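Participant: This is the structure I want to talk about, given as structure tokens.
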Amino acid sequence: MAPFYWSPERYATFHACLRRYYYRYYAEAPAFRPARDLRPRTAWADEWLRRGAHEFLRGGLDEEAAAARLLQVLRDDFKASRQHGYRAQPKTTDGLFEHEYAISVPDAEWKDLADRAVADLRAFCRTDYARALAAVPAAARLAVGEFLRFDLLGLPVDIRPDFAARTTNGVALHAWGPPGDGARPLARAALAWLAVGLWKAAPESVEVVEYDFPAGPSAAHRFTAEDLEAARELVHDAAYETRYPLADPDRNAAREQDFDFTDDEATCRACPFLKLCARWR
């Protein structure tokens, strides 16, 4: 069994549905693997939009090139998913929920989805915020959209800063999300400790900037030593919560029957494991 790690995404899945959490992180049967990364079309477009923004910030693409690349990637990914390429190559091919479950979506809706993603990327590229990040020297950059793992006082944590760089005063990390995202305090806490644990930043030198992607505004947060201790407790408590149902927490071993179904049918109907779930089989 793979060792346990905590991440904001893992925590969100746990709270959406315990059984879905089990299927996503513990079910080992081959049938479950292609479903693990299936996304509904809106989440799929949002993820590619975010990746497109990361690519723009890495340099080498201006607004026009970034927009054209995003549109082509969406088209190629859509085609591969429609042909169910994710079943044969789940690690390298994204899958769309609508294709797996044969949900009919008018072509005009797919086109509108892609057009809106491209328009949002253009809007992001034109912001003062994006231009400032794109101008950060390469030598100061620490991460742009990569998933990173670090040790938070004995707890492995996976986190994806959208942008991280050294500043004259310390380390600044940027986290993007929709307005009103309830998961921000946990992600903020993990990012602050990422700077301390992985890049050895002094606590008082860490800044986490939360940005309402794609067009702003942003809000900056700084930390005292007491703030960081509270942040550590917040993440450790969240990790403890997700490990509580395990049959053997030390081995990260789980039993399906210990993870109940959600009562929210809307969550069920959008779940990538719907056809595999014992509740619906």
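The values are calculated or read from the model by the stated rules, or taken from the named source; none is laboratory data. Not measured: the values here are computed from a predicted model. Using ideal geometry, Cβ is built from the backbone for each residue, glycine included, and neighbour counts are taken over all protein chains shown.
Participant: Looking at the stretch 248-281, which of its residues are more than 19 Å from Thr42 (Cβ to Cβ) and either of a type in the set (Ser, Thr, Tyr) or assigned by TED's automatic domain parsing to the domain that holds Leu186 (or both)?
Facilitator: Thr262, the sole residue that qualifies.
Participant: May I ask you to list the residues in the stretch 204-229 that are more than 30 Å from Arg126 (Cβ to Cβ) and loosely packed, with under 12 Cβ neighbours inside 10 Å?
Facilitator: Thr224, Ala225, Glu226
Participant: If Ala239 meets every condition in (1) surrounded by fewer than 16 Cβ atoms within 10 Å (Cβ to Cβ); (2) touching a strand residue (DSSP E or B) at 6+ places or on another chain (Cβ under 6 Å) apart from one, which number is that one?
Facilitator: Answer for Ala239: the failing condition is (1).
Participant: Do you know which residues across the stretch 202-222 are polar (S, T, N, Q) and more than 12 Å from His174 (Cβ to Cβ)?
Facilitator: Ser205
Participant: Where in the stretch 1-68 are there helices (runs of 4 or more DSSP H), lying wholly inside it, with at least 3 residues that are touching a strand residue (DSSP E or B) at 6+ places or on another chain (Cβ under 8 Å) and within 23 Å of Asp120 (Cα to Cα)?
Facilitator: 41-58
Participant: Could you please find all residues in the stretch 194-242 being assigned to a helix (DSSP H, G or I) and polar (S, T, N, Q)?
Facilitator: Ser205, Thr242
Participant: A follow-up question, please. Filter the stretch 99-113 down to the residues that are of a type outside the set (Val, Ile, Thr) and either surrounded by fewer than 19 Cβ atoms within 10 Å (Cβ to Cβ) or touching a strand residue (DSSP E or B) at 6+ places or on another chain (Cβ under 7 Å) (or both) and list them by number.
Facilitator: Hits for the stretch 99-113 are Glu100, Tyr101, Ala102, Ser104, Pro106, Asp107, Ala108, Glu109, Trp110, Lys111, Asp112, Leu113.
Here's the yes/no breakdown for (1) under 18 Å from Tyr101 (Cβ atoms); (2) outside the structural domain of Ala114 (by TED's automatic domain parsing); (3) in contact with a Pro (Cβ under 6 Å, 6 or more places away or on another chain); (4) hydrophobic (A, V, I, L, M, F, W, C):
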position	(1), (2), (3), (4)
Tyr21	no, yes, no, no
Phe32	yes, no, no, yes
Arg36	yes, no, no, no
Arg39	yes, no, no, no
Leu49	no, no, no, yes
Arg58	no, no, no, no
Glu63	no, no, no, no
Ala68	no, no, no, yes
Val73	no, no, no, yes
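Participant: Looking at the stretch 169-188, I want the residues that are touching a residue at least 60 places away in the same chain (Cβ under 8 Å) and at positive phi and have a partner that is assigned to a loop (DSSP other than H, G, I, E, B) and among the basic types (Lys, Arg) with Cβ atoms under 7 Å, at least 6 apart or on another chain. Which pairs are those?
Facilitator: Pairs that qualify, where the first residue is touching a residue at least 60 places away in the same chain (Cβ under 8 Å) and at positive phi and the partner is assigned to a loop (DSSP other than H, G, I, E, B) and among the basic types (Lys, Arg): there are none.
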